[in-house]
Amino acid sequence: MTSSSLPSRRLSVAPMMDWTDRHCRKFHREITRHTWLYTEMVTTGALVYGDVERHLRFNEEEHPVALQLGGSDPADLASSARLGQQWGYDEINLNCGCPSERVQKGAFGACLMAEPQLVADCVKAMRDVVDIDVTVKHRIGIDDSESYGFVRDFVGTVAEAGCKTFIVHARNAILKGLSPKENREVPPLKYEYAYQLKRDFPQFEFIINGGIRTLDEIDLHLQHLDGVMLGREAYHNPYVMAQFDQRYYGDETQVKTREQVLEAMIPYITAQLAKEDRMKLNSITRHMLGLMQNLPGARGFRQTLSDSKKLAAGDPRLLLEAAARLSPAQA
């Protein structure tokens, strides 16, 4: 797809390790046609030295879909970005926000915010070899660097390398002493920092991420910024995205019911199981447990879809059996 034919990044689903794989993205695409989807972070080492097909293959229906890379070597990132474009991704995103110690040992993720010129060099190296957008996802600070000036200067330096889109997780990253989970919860959210970035750099695209759960919150952020990225809410309560196409993209296509989403996934699951001998039904259905979130009977739906004996049978119609735990009106 050409950039001119792609929907805007008004709404997107965050890259989430162990969650936003190709099966998850296919499921999300059955709920929303226009929302941007992101891969899990793929390290440059996995592409330079590993199984490229395993890491980069995806379903054509996933477009628009972005490849998030983790790395800090400009040459390796350029090579990986080139592969991403060759495989058909619509965007290359550089991870400058992950605070895990494992990622820090690789000298990338949030610790890169301490080296804005290196990030700029990485962005330039990727932009030199691809035609698709190169974007950066980052925090607003690291450790005790809490002033707005820190993130402003980071964005300014990276923008000089040609980056035009910044995805701002509006929390500091604490590199020592907090787990990745705590880093998503303990540092306070400072949405006003993202708003100020847009005011200071109106020519660039700014997308906000962090703690956003409701349509009303999305509406508020879109008064100040170009886009909103949902993370765990999109995963745990995916049907929140059912209104996105009509509400934010003007698409009047009838919204699928939850049961219609399940029915649409059955041919995909059948094909995947037939294609790969080692594929387990649970590797796809595990992403769907939150579809009935907040409905009476949701617990029964999850229990059926988590039944190890039923999953071992490998019958995709288990989705409909699980849905039968709710009334037709609820599904």
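The values are calculated or read from the model by the stated rules, or taken from the named source; none is laboratory data. As the structure is a prediction and not an experimental result, all values here were calculated from the model. Heads up, the Cβs are rebuilt from the backbone with ideal geometry, glycines too, and the neighbour counts pull from every protein chain shown. With ligands, DNA and RNA removed, areas are computed over all heavy atoms of the protein, side chains included. Shrake-Rupley method; radii C 1.70, N 1.55, O 1.52, S 1.80 Å.
Being within 23 Å of Leu230 (Cβ to Cβ) and surrounded by 15 or more Cβ atoms within 10 Å (Cβ to Cβ) is a description that does not apply to Ile142. Report yes if Asp73 is open to solvent by 20 Å² or more (accessible area, probe 1.4 Å) and closer than 28 Å to Ser179 by Cα, otherwise no. Considered against the rule, which asks whether it is open to solvent by 20 Å² or more (accessible area, probe 1.4 Å) and closer than 28 Å to Ser179 by Cα, Asp73 comes out as yes. Scanning segment 173-189 for residues that are touching a Gly at 6+ places or on another chain (Cβ under 9 Å) and either open to solvent by 30 Å² or more (accessible area, probe 1.4 Å) or closer than 23 Å to Glu160 by Cα (or both) gives Arg184, Glu185, Leu189.
Might you let me know whether segment 251-259 holds any residue that is assigned to a helix (DSSP H, G or I) and touching a Ser or Thr at 6+ places or on another chain (Cβ under 9 Å)? Checking segment 251-259: not a single residue is assigned to a helix (DSSP H, G or I) and touching a Ser or Thr at 6+ places or on another chain (Cβ under 9 Å).
Residues that are part of a helix (DSSP H, G or I) and in contact with a strand residue (DSSP E or B) (Cβ under 7 Å, 6 or more places away or on another chain) within segment 206-219 comprise just one, Ile218. Taking segment 7-45 as the range and being of a type in the set (Val, Ile, Thr) and either in a loop (DSSP other than H, G, I, E, B) or touching a helix residue (DSSP H, G or I) at 6+ places or on another chain (Cβ under 8 Å) (or both) as the test, the residues that pass are Val13, Thr20, Ile31, Thr32, Thr35, Thr39, Val42, Thr44.
Applying the selection to segment 1-58, what residues are open to solvent by less than 40 Å² (accessible area, probe 1.4 Å) and of a type in the set (Lys, Arg)? Result: Arg9, Arg22, Arg25, Lys26, Arg29. Only one entry of Leu197, Leu215 meets the criterion of being of a type in the set (A, V, I, L, M, F, W, C), in contact with a Lys or Arg (Cβ under 9 Å, 6 or more places away or on another chain), closer than 25 Å to Tyr239 by Cα and modelled with pLDDT of 95 or more, and that entry is Leu215. In this structure, does Ser147 turn out to be over 24 Å from Arg10 (Cα atoms), open to solvent by 10 Å² or more (accessible area, probe 1.4 Å) and in contact with a strand residue (DSSP E or B) (Cβ under 8 Å, 6 or more places away or on another chain)? The answer is yes for Ser147. Of all residues assigned to segment 284-302, at least one qualifies as being touching a residue at least 12 places away in the same chain (Cβ under 8 Å), assigned to a helix (DSSP H, G or I) and of a type in the set (S, T, N, Q).
Counted as qualifying within segment 88-205 are the helices (runs of 4 or more DSSP H) with 1 or more residues that are among the aromatic types (Phe, Trp, Tyr), namely 148-159, 191-200.
Put simply, of Pro296, Pro267 the only residue that is surrounded by fewer than 17 Cβ atoms within 10 Å (Cβ to Cβ), more than 22 Å from the chain's Cα centre (by Cα) and closer than 26 Å to Arg57 by Cβ is Pro267.
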